[in-house]
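As structure tokens, the structure follows; a few thoughts come after it.
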Amino acid sequence: MSNNIQIVQDAYAAFGRGDVAAILASLDDNVQWQGLKGAEGVAPHSGRRRGKDAVREFFALVAQTTEFHRFEPREFIDGGDKVAVVGEYEATVRPSGRRVSCDWVMVFTLAGGKITEFREFTDSAQVVAAFGPSAAV
């Protein structure tokens, strides 16, 4: 296993135990972070961020708006300075109470033992429906 895969696996383990400080320690100071690509303007934690303070805000928004019932990174793909992770999650979003169940791919770029970029690709239509206004009845 490559060192980059281990860094990413350690970050997921930290997420699983709610240790945002450990995640932030794995990041480059100028990290570029894009959560929930395609749900910008609807899901509060979607969109581009830069730097550790912005990523800290991302995780605070995730904690406020998403209750995970299952979050499973399943496959780690070593691409040298990039690590792609394939997984799935099931969650309830607040305040709507709607449930989402999505497959996802998260791509990390690393340099010097630090994560320099993160991009998340998931079923954005499902996420937008969960976070968006109720459908008319």
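The values are calculated or read from the model by the stated rules, or taken from the named source; none is laboratory data. Remember, it's a predicted structure, so these values are computed and weren't measured experimentally. In this analysis, Cβ positions are derived from the backbone assuming ideal geometry, glycine residues included, and neighbour counts consider all displayed protein chains. Heavy atoms of the whole protein, side chains included, go into the accessibility calculation; ligands, DNA and RNA do not. Shrake-Rupley method; radii C 1.70, N 1.55, O 1.52, S 1.80 Å.
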Enumerate the residues in the range 100-133 having an amide nitrogen under 17 Å from the point lying 7 Å beyond the Cα of Asn30 toward its Cβ.
109-118
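Any chance you could tell me what percent of the C-alpha pair distances in the chain go past 25 Å? It would help to have the intermediate numbers written out before the result.
On the way: 2050 of 9316 pairs.
Of all Cα-Cα distances in the chain, 22 percent exceed 25 Å.
Please compute the net charge surrounding Ala25, taking Lys and Arg as +1 and Asp and Glu as -1 over other residues with Cβ under 10 Å from its Cβ. Kindly include the intermediate steps, with their values, before the conclusion.
On the way: positive: Lys52, Lys114; negative: Asp10, Asp19.
Around Ala25, the charge tally is 0.
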Top of Gly35, Gly47, Gly112 by mean-square fluctuation, Gaussian network on the chain, Cα under 10 Å
Gly112
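What number in nm² do you get for the range 81-136 if you take the convex hull of its Cα atoms and divide its surface by four? All intermediate terms of the calculation are to be shown ahead of the outcome.
Numbers: hull surface 18.3 nm².
Directional mean of the projected Cα hull area for the range 81-136 stands at 4.6 nm².
Roughly what % of DSSP beta bridges within the chain run antiparallel, to the nearest 5? Please report the intermediate quantities before stating the final value.
On the way: 35 of 39 bridges.
Counting only bridges with both partners in the chain, antiparallel ones make up about 90 percent.
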Calculate the spin-label point distance for Lys37 paired with Lys114, positioning each point 7 Å from the Cα along the beta-carbon direction, and give it in nanometres.
2.3 nm
Rounded to the nearest 10 Å², the accessible area of Phe121 using a 1.4 Å probe with every protein chain kept is 80 Å²
Inter-probe distance in nm under a simple model that places probes 7 Å from Cα toward Cβ, at Ala13 and Glu57
3.1 nm
Table column - 3J(HN,Hα) (Hz), the range 105-111, Karplus curve with 6.51, -1.76, 1.60, x for Gly and Pro
10, 10, 10, 10, 10, 10, 8
Please calculate how many Å² of accessible area the chain carries per residue, with a 1.4 Å probe and no DNA, RNA or ligand atoms counted.
51 Å²
